[in-house]
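Bear in mind that the values in this text are calculations on the coordinates, not laboratory data. What you are looking at is a predicted structure, and each value in this text was computed from that prediction instead of being measured. For neighbour counting, all protein chains shown are included, and Cβ atoms are generated from backbone atoms with ideal geometry for every residue, glycine included.
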Amino acid sequence: MNRVVFLVLFLFLASCARKDFVVEEIQFSFGKNNAQPNLVSDGDNLTLSWISSEEEEDKEAILFYSQYEDNKWKEPISIASGSDWFVNWADFPANAISEDLLLTSYLKKSDSGTYTYDVLLNLETLSGKKIKENFLLHTDGVKAEHGFVSMVPSYKKGFYVTWLDGRNTVVNSKEAHHKAMTIRFAEITSTGKIINETELDATTCDCCQTSIAKTTEGPIVVYRNRSEGEVRDIFITRYKDGIWEKPRPVHNDGWVINGCPVNGPKVVVNSTNTAVAWFTAAEGKPKVNVSFSKSDGIDFKSPIQLNDFNALGRVDVAFLNSSEVLVSYMELDDDATYLKIKKVSIDGKVSEAKTIAVIDEGRNSGVPQLEIMKGNVFLAWTHSVDGKNQLKSVKFNSDSFY
């Protein structure tokens with residue numbers, strides 16, 4: 001066969017094998033005011049948690065979760081409810097799956113201060129059997145801010161959990177000023193026992209989302225640090241050989257900012273590589289970056305910038321295969337704000353952006369969520385319908401992203 005003819009035939013067959021990039025909406029019609037989604041997959045299960053509430057004060061808030069089965073969301077299961085919760089677009093409930101167990105979190109007011117609240121946990125099976133209900137994550141007993149929880153399954157049918165903790169921000173008789181927020185870690189056993197609570201860093205940014213993942217060496221935690229000079233770059237700490245290593249920067253962006261940007265990082269791990277995506281506005285230049293590590297997070301390659309226009313951040317990232325990730329993020333141009341996604345390989349190759357949706361640039365959209373399961377890519381976020389918040393969830397085939 002002529003080489004030119006063969007090449008044309010090969011390209012034709014290859015193009016036919018590709019699937020069209022079609023974003024399919026997954027119907028979500030549970031309740032009238034839903035927000036704060038958290039989308040989680042363990043490879044076999046896909047779970048969505050969220051809060052349903054009324055905007056008026058003293059109205060009950062309800063934490064729900066649903067599993068994705070047969071191309072739809074199952075009827076939601078109520079986990080907890082209360083009229084004394086702290087409900088916030090950026091500090092949303094976390095959930096994680098460990099074998100047949102589901103761990104979830106929510107925030108409950110502990111005093112009259114605006115940011116005085118605790119983290120409460122619920123542990124149950126995926127079928128809804130309660131194991132331990134409404135128990136405190138932290139043991140300090142201080143009426144202060146506790147939140148921005150992230151969690152993953154541990155190696156022992158339990159969970160690794162990290163959170164921002166304000167116990168040191170409360171002035172006591174020995175201190176004349178407030179100290180900084182800290183980041184802490186604990187393990188939750190399969191019976192709901194809290195063990196190995198540890199402070200990871202004594203000075204962190206006040207209200208950026210945290211992120212945790214599990215490597216072959218142990219858990220790693222990624223978060224926004226805060227230096228004495230108000231440099232707020234992304235740091236990582238790893239658990240290895242029975243101890244937590246000293247935190248160090250993923251990259252020295254040098255972003256100096258006097259207030260928290262409320263824009264945290266995301267870390268993901270597969271069997272060989274680690275990827276961290278984050279937002280920075282160092283030198284007044286908003287960017288969405290992603291960086292890879294081939295050494296379980298010991299060192300990272302130079303960051304790869306993803307945004308083409310003005311970045312807003314609110315990133316998420318998931319491994320597509322052993323050497324490529326998908327990164328979701330928000331950016332805006334002169335016309336609108338968009339939820340976009342790009343494919344990035346560890347060797348630095350970046351795809352063109354795919355636009356998932358036009359999205360609200362304010363708090364109403366929350367922090368969009370990204371997961372990949374069984375060849376499909378799932379995203380969830382909050383949008384407004386007739387003046388009420390509602391969840392939006394979509395999917396597309398991962399083979400269509402090229």
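Results, tabulated for the structure shown:
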{"item": "With Cα atoms, 0 to 90° folded angle of helix 3-17 axis to the chain main axis", "result": "40 degrees"}
{"item": "Burial ordering of 398, 227, fewest other beta-carbon atoms within 10 Å first", "result": "227, 398"}
{"item": "Dipole magnitude of the chain, debye to nearest 20 (Cβ charges: Lys/Arg +1, Asp/Glu -1, about Cα centre)", "result": "980 debye"}
{"item": "Projected label distance in nm at residue 203 and residue 310, using a 7 Å step from Cα toward the beta-carbon", "result": "3.2 nm"}
{"item": "The range 130-222: chymotrypsin sites (Phe, Trp or Tyr not before Pro) falling in loop per DSSP and having at most 14 other Cβ within 10 Å", "result": "155"}
{"item": "Karplus-derived HN-Hα couplings along the range 248-253 (A = 6.51, B = -1.76, C = 1.60, θ = phi - 60°), whole Hz, x at Gly and Pro", "result": "8, x, 5, 7, 7, 5"}
{"item": "Most mobile listed residue (183, 298, 341) in the chain, GNM with C-alpha springs under 10 Å", "result": "298"}
{"item": "Difference of contour (0.36 nm per residue) and Cα-Cα distance, residue 156 to residue 77", "result": "25.9 nm"}
{"item": "Local net charge near residue 297, Cβ-Cβ under 14 Å (Lys/Arg +1, Asp/Glu -1)", "result": "+4"}
{"item": "Net +/- balance of residues flanking residue 164 in space, Cβ distance below 15 Å, scoring K and R +1, D and E -1", "result": "-3"}
{"item": "Flagged links, alpha-carbon separation over 32 Å, of 246/340; 74/349; 74/108; 343/392", "result": "246/340; 74/349"}
{"item": "Sequence-distant residues sharing a close amide H with residue 250 (under 5 Å, placed H)", "result": "234, 235, 236"}
{"item": "Net charge, residue 148 excluded, C-beta distance under 12 Å - Lys, Arg +1, Asp, Glu -1", "result": "-2"}
{"item": "Chymotrypsin sites (Phe, Trp or Tyr not before Pro) within the range 197-265, DSSP loop, no more than 14 other Cβ atoms inside 10 Å", "result": "none"}
{"item": "Lys, Arg +1 and Asp, Glu -1 on Cβ, resulting dipole of the range 276-396 about Cα centre, debye, nearest 20", "result": "360 debye"}
{"item": "Neighbour-limited loop hits for GluC sites (Glu not before Pro), the range 296-402 (at most 11 other Cβ within 10 Å; DSSP other than H, G, I, E, B)", "result": "352"}
